[in-house]
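**Student:** One structure is given below, represented as structure tokens, and several questions about it will come after.
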Amino acid sequence: MEARRELFGGRSAAILALAGSAIGLGNIWRFPYMVGQTGGAAFIIIYLASCLLLSLPIFLAEAIIGHRTHSGTFGAMEQLAPGTHWKWLGLLTVLSPLIILSYYSVVGGWSIGYLWQSVTAGFHADAIGTVSSAFGKFIASPGRPLLFHTLFLLGCAWIVSAGVKSGIEKFNKVTMPLLFVLIVVILVYAVSLPGARAGVTYLVKPDFGKITPSAVAAAMGQSFFSLSLGVGTILTYASYIHKKENILVTGLGTVAFDLLFALIAGFAIMPAVFAAGIEPGAGPGLIFETLPYIFAKMGASAPWLSAVVAVLFFVTIVFAAFTSAISMYEVGVAYLVEQKHITRRKATVLIFLGTWTLGALCSLSFGPLAETKIFGLTIFNFCDRLTSNFLMTFGGLLFVLFVGWKMDRQAVRDEFTCGGTVRFNCIVFDAFWFLLRYIAPVAIVIIFLTNFFA
Ligand code: PFF
């Protein structure tokens, strides 16, 4: 007999878990830079529109499948379209989050390494080049990054093996509010720095001239990644939400938190970057080169304050990475437990072994395996490109087509009305249905093609 399925304790637990999946490195190292480079406040408006008009409907489509079936990705497809090729979508969305997890864990490991350094030795440098070469040496050395990657994945395994309620829910309930408090503390510190105003201007000054078609595609792509769409994590978490909870409310809550965090992170990071007189950048360089250099520079005049902020900052990054990583881990565990009927503990170990191995290869691709190339890319870059440029958008497209064109309209509507128990404004559903069937598929194909030719 199948064991009773664990569910999240309530609406806030569900929103915190979904927001935990959404809020991650993407909010911290990509969003602030994109805003500054692509039109400031003008970009924020476009981003907001793509969250509401594109990403929210896709989010809801994925969530509806999970919520309706109370099953992981593969089981959900088998339930809604038994014996059809849709099962491949179920399988694809078990694999793609695990590939992301493998390299995400490597970066999570670097963050643990930098947290360790900020606690023990702090950052000292008189030029950004010194910090950059230290980072380059660190990631190229095989030993320490592998150790930290292992620690990061073990942390995820520990949380996930404790179960949906006592592991995932509990962890998110504690860390998500903490993350918001930490980022607000950093924000207050950053905007009080002399010269911070230029960073604020960089983010808010509207420049509608920069809103080109490719900027719009970039905004759509970022909102897609930031909300963890298309890889089954939203589906799997939604499958742990009680039937009586309304999926629309949960979706709106998640999008709001994700956006709020991205904005606060932007206003916490960019003023500090400008105050230190550095060119803003994105990606790993922002977190592991620019910011440590800022901490080193500020340490010269206020060593204690700078050291404390550095620790708080890396704690924020580590936790933001953990809450996202466990959502990907859970997709694989749910699959093994439900489809292969093994215990959660065994499933956790198997996922650990698989993702650790691929992650180790990704990690070594900065050093000993740097010359091993797949389609001209290192293993790390290949996994990153494959998932964020292709598998996420492809999975998202198929989920949208499935709910919009294959599922019964009334069944989908039931999710909005909680099976007819909640009175609901028809216009909202009709708008969602229209966006889902016509706008979302076209927009996803545009993102896909933009990624392909970029
Ligand atoms: N949304 C996460 C971020 O912004 O960092 C990344 C992510 C998490 C992508 C979970 C995919 C996923 F399944």
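What follows is calculated from the coordinates using simple rules that are stated; it is not laboratory data. All values derive from a computational prediction rather than experimental measurement. We place every Cβ from the backbone using ideal geometry, glycine too, and count neighbours over all the protein chains shown.
**Student:** Determine, for F453, F288, F448, F208, the number of other Cβ atoms within 10 Å of each Cβ, and report the residues in order from fewest to most. Provide the component values of the computation, followed by the final result.
**Tutor:** On the way: F453 7, F288 25, F448 19, F208 12.
With the sparsest Cβ surroundings first, the list reads F453, F208, F448, F288.
**Student:** So, counting K/R as plus one and D/E as minus one, what does the shell of residues with Cβ under 10 Å around G40 add up to? Spell out each step's value before the answer.
**Tutor:** Details: positive: K205, K210; negative: D207.
Surrounding charge for G40 is +1.
**Student:** With unit charges on the beta carbon (Lys/Arg positive, Asp/Glu negative), name the residue among W158, G195, T84 whose Cα is farthest towards the positive pole of the charge dipole of the stretch 83-211.
**Tutor:** Towards the positive end, the residue furthest out is T84.
**Student:** Continuing with this model, one more query. What is the distance, in nm, between label points placed 7 Å from the Cα along the Cα-to-Cβ direction at F208 and at A121?
**Tutor:** Spacing of the two 7 Å Cα→Cβ label points: 5.2 nm.
**Student:** Moving on. Compute the separation of the alpha-carbon centres of the stretch 409-435 and the stretch 186-227 and state it in Å as a whole number.
**Tutor:** Centre-to-centre distance over Cα atoms comes out at 34 Å.
**Student:** Now a separate question. Exceeding 31 Å between C-alpha atoms, which entries from my cross-link table qualify? They are K340/K406; K173/K297; K244/K406; K87/K165. Provide the component values of the computation, followed by the final result.
**Tutor:** Working: K340/K406 27 Å; K173/K297 35 Å; K244/K406 24 Å; K87/K165 28 Å.
Exceeds cut-off: K173/K297.
**Student:** Counting only other residues whose beta carbon sits under 11 Å from that of A275, what net charge do I get with K and R as +1, D and E as -1? Intermediate results must be reported in sequence, preceding the final value.
**Tutor:** Numbers: positive: R197, K297; negative: none.
With Lys, Arg at +1 and Asp, Glu at -1, the neighbours total +2.
**Student:** What relative contact order, as a whole-number percentage, does the chain give when Cα pairs under 8 Å and 6 or more residues apart are counted? Numbers along the way, then the final one.
**Tutor:** Values: 712 pairs, mean separation 152.7, N = 454.
Averaging sequence separation for qualifying contacts and normalising by length gives 34 percent for the chain.
**Student:** Further question: For the stretch 320-380, what is the relative contact order in percent, using Cα pairs closer than 8 Å and at least 6 residues apart in sequence? Spell out each step's value before the answer.
**Tutor:** Details: 32 pairs, mean separation 12.1, N = 61.
Dividing the mean separation by the residue count of the stretch 320-380 yields 20 percent.
**Student:** I would also like to ask the following. Using DSSP H assignments, which helices in the chain have an axial alpha-carbon span of 15 Å or above and a mean Kyte-Doolittle hydropathy of 0.0 or higher?
**Tutor:** On the way: long enough: 11-22 (16 Å, 1.22); 56-69 (20 Å, 0.97); 87-120 (49 Å, 1.01); 128-140 (18 Å, 1.18); 143-161 (27 Å, 1.32); 170-191 (32 Å, 1.99); 213-226 (20 Å, 0.79); 247-275 (42 Å, 2.11); 291-301 (16 Å, 0.78); 303-339 (54 Å, 1.57); 344-364 (29 Å, 0.91); 440-453 (20 Å, 2.28).
The answer, listed by residue number, is 11-22, 56-69, 87-120, 128-140, 143-161, 170-191, 213-226, 247-275, 291-301, 303-339, 344-364, 440-453.
**Student:** Follow-up question, since we're still on this one. For the chain, what is the mean residue ellipticity at 222 nm derived from helices alone (per DSSP H run of n ≥ 4: -39500 (n - 2.57); sum divided by total residues; nearest 500 deg cm²/dmol)?
**Tutor:** Numbers: 21 runs with 314 residues, N = 454.
Taking each H run of at least 4 residues, the total per residue is -22500 deg cm²/dmol.
**Student:** Lys and Arg at +1, Asp and Glu at -1: add these up for the other residues within a Cβ distance under 12 Å of A218 and post the number.
**Tutor:** Working: positive: R30, K210; negative: none.
Result for the local shell: +2.
**Student:** Another one. Apply the a/c threshold of 1.5 to the C-alpha gyration tensor of the stretch 360-454 and tell me whether it is rounded, prolate or oblate. The partial results should precede the final answer.
**Tutor:** Values: a/c = 4.47, a/b = 2.74, b/c = 1.63.
Verdict is prolate for the stretch 360-454.
**Student:** Take every Cα pair under 8 Å in the stretch 64-103 that's 6+ residues apart, average their separations, divide by the length, and report that relative contact order as a whole percent. Display every interim value, and only then the final one.
**Tutor:** Details: 30 pairs, mean separation 12.5, N = 40.
Once divided by the residue count of the stretch 64-103, the mean separation gives 31 percent.
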